[in-house]
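S.K.: Got a structure here, written out as structure tokens. Questions coming.
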Amino acid sequence: MSNQKAPPLPVVIDNDGEVEVISLEITSFKETNDDFVKLLKSIIYTNFKNIPNFISQNMLWLLPLVIAWTSLESISDFRIMTLPKPISTLVKTLIFITSTYNNFLAKGLYLIAINRSIIPTIKSIKSEGISSVYTRYLKTIGLIKESYVSLKGKSLSVVLKSIGFSFIISNLLTRNNKIDKYFISLLTAFTLLNSLYRGYGDVFVRLFRAFLKKINKNTSIGHNYIFLSIGSMSLGFVSSILFTFIRFTNSYYDYTGYVIGGILLLAGIFMNLRGKNVEQK
């Protein structure tokens, strides 16, 4: 039996069956031929296999986070309101930035975002300087804008579908769209933007592109479509803060993001189908 340690998350199995540790500096958007189902299975299997190694390598921040989740969840809303204002504000802030009140799915995504985006970005700031990292993301946003222009008549359809999808997922992650659960949406938005910077070598970009190719019957998916889709999803997660202030209900489960997101998603699909029909004529 080999004593070689499993690689840290995130990893994926490449087309030759070899374990690939995703680099933080991949910017090339070369063509890839990933099969969606095969890639998804290999991501799930490999990352599940690496959970023990992930925990041991990240214990320094994982343990305090789990303690924070456990202790903060045990404090009732009534108890928080009765605390002195500075302490109450601190507790609410900690609940917000740790996504304590979010569901299990959101907490899992929180761990992925911290590991794949926040920690590497902090390391980049230390090694390269904040101005270099800022310029990197500014350039990525610029490429998203260029993609919008390049796609011309297809742009609005892509934006509507992507933002609508983000609204739906954000509602799922936040349950009732309240501000104390919104931080996971911000983290997801940043993680998507970070994935775009990495390029086609990024595990999410590869999976997303493989999914698009599958539903479009292996039609070639250009980088403009990828940039605009993922960029618009990032914008959608940020924009979902609107549902904190404007929502249909104030209940334990609110469905505002599902409804608005569903309408935008359907509108985008309709525009896309209509555009295809016009092209065929």
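S.K.: Which one of these is in contact (Cβ under 8 Å) with a residue 24 or more places away in the chain, of a type in the set (Val, Ile, Thr) and touching a Leu at 6+ places or on another chain (Cβ under 7 Å): THR256, THR188?
M.R.: Just one listed residue meets the conditions, THR188.
S.K.: In this structure, does ILE44 turn out to be in a helix (DSSP H, G or I), of a type in the set (A, V, I, L, M, F, W, C) and modelled with pLDDT under 95?
M.R.: yes
S.K.: Let me ask another. State which residue is farthest from LEU196 (Cα to Cα) when the search covers only the stretch 109-163 and only residues that are among the polar types (S, T, N, Q) and loosely packed, with under 14 Cβ neighbours inside 10 Å.
M.R.: Across the stretch 109-163, the extreme among qualifying residues is SER127.
S.K.: How many of the residues making up the stretch 211-236 are part of a helix (DSSP H, G or I), farther than 15 Å from LEU196 by Cα and not charged (D, E, K, R)?
M.R.: Qualifying residue count, the stretch 211-236: 4.
S.K.: Turning to a different aspect of this structure: Identify the residue in the stretch 236-265 that is open to solvent by 90 Å² or more (accessible area, probe 1.4 Å) and among the aliphatic types (A, V, I, L, M) and, among all such residues, is farthest from the chain's Cα centre (by Cα).
M.R.: ILE246
S.K.: Moving on to the next point. Tell me yes or no: at least one residue of the stretch 35-57 is touching a strand residue (DSSP E or B) at 6+ places or on another chain (Cβ under 6 Å), of a type in the set (Ser, Thr, Tyr) and surrounded by 11 or more Cβ atoms within 10 Å (Cβ to Cβ).
M.R.: yes
S.K.: Looking at the stretch 179-202, which of its residues are open to solvent by less than 10 Å² (accessible area, probe 1.4 Å) and not in a helix (DSSP H, G or I)?
M.R.: Result: ASP202, single match.
S.K.: Spot the failing condition for VAL205; the list is (1) aliphatic (A, V, I, L, M); (2) within 23 Å of MET271 (Cβ to Cβ); (3) open to solvent by less than 40 Å² (accessible area, probe 1.4 Å), and only one is missed.
M.R.: (2) is the only condition that VAL205 fails.
The values are calculated or read from the model by the stated rules, or taken from the named source; none is laboratory data. All of these numbers come straight from a predicted model, not from anything done at the bench. Using ideal geometry, Cβ is built from the backbone for each residue, glycine included, and neighbour counts are taken over all protein chains shown. Just the protein is used for accessible areas: all its heavy atoms, side chains included, with ligands, DNA and RNA removed. Shrake-Rupley method; radii C 1.70, N 1.55, O 1.52, S 1.80 Å.
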